[in-house]
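Undergrad: Before I ask anything, here is the structure I am working with.
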Amino acid sequence: MKKILLITIPIVAVFVMGIAIILFITRSTQKNFHADPSVDDCEVVMPLSGTPFFLEIAPGLKFKFDTGADMSSLSENDAETLRKMGYEVKESFGPILGRDGYGDFVYSSRRYTVALPVGGYVSEKDSTGNATVTYSGHPATMFRNVDFAKTDATISTLGLDVLRKFKIECRFNEHMAALCEQIPSSFSKVVEMEHNIHLTDILWSAVRPYLIVSVNQHPNVYQLDTGLQRAPVKKPASSIARAKHSLRKDSLSTMRETFEAYVDDEGWIDFGSRSGTKKVYYYDNNEDDFQINPLNVFQQDLIIDIEGKGIYFRHSI
């Protein structure tokens, strides 16, 4: 018995120490991050468009808008663009662990710490009612001391470690996003959000957001993933047997590859206080089994508030 204890205690100690090291690594980003000036009154706006969705934080700088990514990452090309714009890009040893904008779990031993120019765009409607976006010539705010994982990928990503710091207003008709510190009175909460449903969620660099959504009268916990392409709702192939409508074959591409999928074109979605039909995609990949992208579900203005645990819709006029 003593021999077993002598063997077990070091193993447990090593395990606990390993978890402590991982938590230290994953919680070490964005410690000194701040917006200068602050983002009062949702006046820091920028274009939001594409498949997947990208935020154009400044002319020539686009970042994937991805609540499915634990950490933010910066490509070498965008780091060089920032340098050419006159902004300091510091590279240092600084381990970062988590899922990136490609859906891969990665470990980066190097990080960038940078200043980011953000916003400065103006959206105006023309005589036809279409929005025209122009750049004022200077950013609305600066993100100071932003930590990014250094990546060899071609795209940069704003992940949960940054996005959780703001209430993000997505303006559907304008194809714009605004950063807010408070929820405007013109919005009401539609659905509650949960954090860190799975035990392993505590290991990553930011809280993971989940929503309880019912699809065809079957409720489940869905990861909130604005990086989900084309599909409003994703379910695993094992759920096909519970589908209530005939399915058609299709394919769905991620940042890495293309997957065979089956689609229910008339899936009934209960999303908090809202309900309606939307496409539901059934397929398997290396990401969460159940995912939802509200930007693909709803054609209206909404706010994603990760820290406040809610999604808000603008009041109907």
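Undergrad: Given 0.36 nm per residue, what is the gain on full extension from S253 to K125 after removing their alpha carbon distance, in nm? Present the calculation step by step, with values, prior to reporting the outcome.
TA: Values: separation 128, 0.36 × 128 = 46.08 nm, distance 3.36 nm.
Value of the extension gain: 42.7 nm.
Undergrad: Tell me which residues come under 5 Å, amide H to amide H, from F172 once H is placed; ignore anything under 5 positions away on its chain.
TA: Residues meeting the amide H criterion: D301, L302.
Undergrad: Mean separation of Cα pairs under 8 Å and 6+ residues apart, divided by the residue count of the chain: what relative contact order is that in percent?
TA: Values: 759 pairs, mean separation 63.4, N = 317.
It rounds to 20 percent for the chain.
Undergrad: Could you list which residues have their amide H under 5 Å from that of F259, counting only those 5 or more apart in sequence or on another chain, with H placed in the peptide plane?
TA: L252, S253, T254
Undergrad: Could I have the simple spin-label model distance between E80 and V106, label points 7 Å from Cα toward Cβ, reported in nm to one decimal?
TA: Result for the modelled spin labels: 1.7 nm.
Undergrad: Hey, another quick one. What percent of all Cα-Cα pairs in the range 87-126 falls in each 5 Å bin, counting up from 0?
TA: Histogramming the range 87-126 at 5 Å steps yields 6, 17, 14, 16, 17, 10, 8, 6, 4, 2 percent.
Undergrad: Taking 8 Å as the Cα distance limit and 6 or more residues as the minimum spacing, I'd like the relative contact order of the range 58-106 as a percentage.
TA: 45
Undergrad: On a full-extension model of 0.36 nm per residue, what is the gain between R274 and F33, subtracting their alpha-carbon distance, rounded to one decimal in nm? Walk me through the numbers before you get to the answer.
TA: Values: separation 241, 0.36 × 241 = 86.76 nm, distance 3.55 nm.
My answer for the length gained is 83.2 nm.
Undergrad: Still on this structure, please answer the following. With a 1.4 Å probe and all protein chains left in place, how much accessible area per residue does the range 23-177 have, in Å²?
TA: Working: 6690 Å² over 155 residues.
Accessible area per residue: 43 Å².
Undergrad: Right, here's the next one. Please state the shape class of the range 90-203: rounded when a/c is under 1.5, otherwise prolate if a/b exceeds b/c and oblate if not, all from the C-alpha gyration tensor.
TA: Working: a/c = 2.29, a/b = 1.44, b/c = 1.59.
Oblate shape, in that a/c is at least 1.5 and b/c is the bigger or equal ratio.
Undergrad: In whole percent, and with a 1.4 Å probe on the protein chains, what portion of the accessible area of the chain is carbon and sulfur?
TA: Details: 8070 of 15140 Å².
So the carbon and sulfur contribution to the accessible surface is 53 percent.
Undergrad: For P(r) over Cα pairs in 20 Å bins from 0, in percent, one of (i) 18, 23, 20, 15, 11, 7, 3, 1, 0, 0; (ii) 32, 58, 10, 0; (iii) 31, 55, 13, 1, 0 was computed from the structure I shared and the rest are decoys. Which label?
TA: Label of the calculated value: (iii).
Undergrad: For the range 246-317 and the range 66-82, what is the centre-to-centre distance using only Cα atoms, to the nearest Å?
TA: 24
Undergrad: What cysteines in the chain have no other cysteine with a beta carbon less than 4.7 Å from their beta carbon?
TA: Within the chain, the cysteines lacking a partner Cβ under 4.7 Å are C170.
Undergrad: For the charge dipole of the range 26-99, defined by +1 on Lys and Arg C-beta atoms and -1 on Asp and Glu C-beta atoms about the Cα centroid, which residue among M85, P47, I96 has the Cα displaced farthest towards the positive pole?
TA: I96
Undergrad: Let me ask you something else. Which whole-number value in Å² is the accessible area per residue of the range 184-280, probe 1.4 Å? All intermediate terms of the calculation are to be shown ahead of the outcome.
TA: Details: 4580 Å² over 97 residues.
It amounts to 47 Å² per residue over the range 184-280.
Undergrad: Something else: If R0 is 51 Å, what FRET efficiency do you get for D284 and H138 from their C-beta distance, rounded to 0.05? Intermediate values should be presented prior to the final figure.
TA: On the way: r = 46 Å, r/R0 = 0.91.
That pair, D284 with H138, gives E of 0.65.
Undergrad: Counting pairs of Cα atoms in the range 172-317, how many percent are more than 21 Å apart? Could you put the intermediate results ahead of the total?
TA: Working: 4790 of 10585 pairs.
Everything past 21 Å amounts to 45 percent.
Undergrad: Mean residue ellipticity at 222 nm from the helices of the chain, using -39,500 (n - 2.57) per DSSP H segment of n ≥ 4 over the full residue count, to the nearest 500 deg cm²/dmol? Show your work: numbers first, answer last.
TA: On the way: 4 runs with 42 residues, N = 317.
That comes out to -4000 deg cm²/dmol.
Undergrad: Looking at the square roots a ≥ b ≥ c of the eigenvalues of the Cα gyration tensor of the range 159-222, which shape do they give, rounded for a/c under 1.5, prolate if a/b is larger than b/c, or oblate? Kindly include the intermediate steps, with their values, before the conclusion.
TA: Values: a/c = 2.23, a/b = 1.26, b/c = 1.78.
Oblate.
Undergrad: Suppose each label sits 7 Å from its Cα in the direction of the beta carbon; what would the H195-N220 distance come out to in nanometres?
TA: Inter-label distance under the simple model: 2.6 nm.
Undergrad: I'd like the Karplus ³J(HN,Hα) series for the range 63-77: coefficients 6.51, -1.76, 1.60, θ = phi - 60°, whole numbers in Hz, and an x wherever there's a Gly or Pro.
TA: My calculation for the range 63-77 gives 10, 5, 8, 9, 7, x, 9, 5, 10, 8, 9, 10, 6, 5, 5 Hz in order.
Undergrad: Near the amide H of A69, under 5 Å away, which other amide H atoms are found, from residues 5 or more places off or on another chain, if H is placed in the peptide plane?
TA: Under 5 Å from the amide H of A69: L160.
Undergrad: Okay, next question. Probe 1.4 Å, all protein chains in place: accessible area of D36 in Å², nearest 10?
TA: My reading of the accessible area for D36 is about 70 Å².
Undergrad: If you don't mind, another one. Size of the range 41-156 along its principal axes in angstrom, Cα-based, largest extent first?
TA: 52, 30, 26
The values are calculated or read from the model by the stated rules, or taken from the named source; none is laboratory data. All of these numbers come straight from a predicted model, not from anything done at the bench. All Cβ positions, even for glycine, are placed from backbone atoms using ideal geometry, and neighbour counts span all protein chains on display. What goes into the accessible areas is simple: the full protein's heavy atoms, side chains included, and nothing from ligands, DNA or RNA. Shrake-Rupley method; radii C 1.70, N 1.55, O 1.52, S 1.80 Å.
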